[in-house]
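The values are calculated or read from the model by the stated rules, or taken from the named source; none is laboratory data. A quick note: this is a predicted structure, and the numbers were derived from the prediction, not measured. For neighbour counting, all protein chains shown are included, and Cβ atoms are generated from backbone atoms with ideal geometry for every residue, glycine included.
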Amino acid sequence: MTALLDTGFLLAVISPNDKLHRACADALENEPEPLLPAAILTELAYMTLREAGHAAFVRFMRAVFDGELSLVFANESDLVRATDIMEKYADSRIDFVDCIITAMAERLNISRILTVDQRHFRLLRPSHITAFDILP
């Protein structure tokens, strides 16, 4: 089984001083085929530059280029579905990246999300399953 990765989760992996670093790093290491949604990279870059610096983000991207994580890209139907999800959950103030991850999970039939955003991903009801399996 595979999982999609969320921004905050990867920020914790990248940042050794993050209180969730060990739990997230362990969860990532134990995930057989984690998928990195390309849609999170801009948000991850912003947060990593702010929290851990340029060198940390460059190291992360080099690891991606070396094949440690597989990039997966949103398509137009994912963006349409993400917009629908965002509209449906507008009262929760869910962000677009979470909606894209949800849309991609539906398309790829993925039930596992590696995230530290428990609130939003527990609230979401994807169309292909009752609820996401959330780690760590």
Residue by residue through region 14-33, note down the ones that are touching a residue at least 40 places away in the same chain (Cβ under 8 Å) and either within 12 Å of the chain's Cα centre (by Cα) or farther than 12 Å from Ala52 by Cα (or both).
Leu20, Ala23, Cys24, Asp26, Ala27, Leu28, Glu31
Members of region 82-121 found to be surrounded by 13 or more Cβ atoms within 10 Å (Cβ to Cβ), touching a strand residue (DSSP E or B) at 6+ places or on another chain (Cβ under 9 Å) and without any contact (Cβ under 8 Å) to a residue 40 or more places away in the chain, listed by number
Thr102
Is it the case that region 77-93 has a residue that's under 21 Å from Met1 (Cβ atoms) and at pLDDT 95 or above?
yes
Residue among Ala63, Ala105, Ala39 that is over 15 Å from the mean Cα position of the chain (by Cα) and either hydrophobic (A, V, I, L, M, F, W, C) or under 25 Å from Ile129 (Cα atoms) (or both)
Ala63
Being more than 16 Å from the chain's Cα centre (by Cα), at pLDDT 95 or above and small (Gly, Ala, Ser) narrows it down to one residue among Ala45, Ala55; which is it?
Ala55
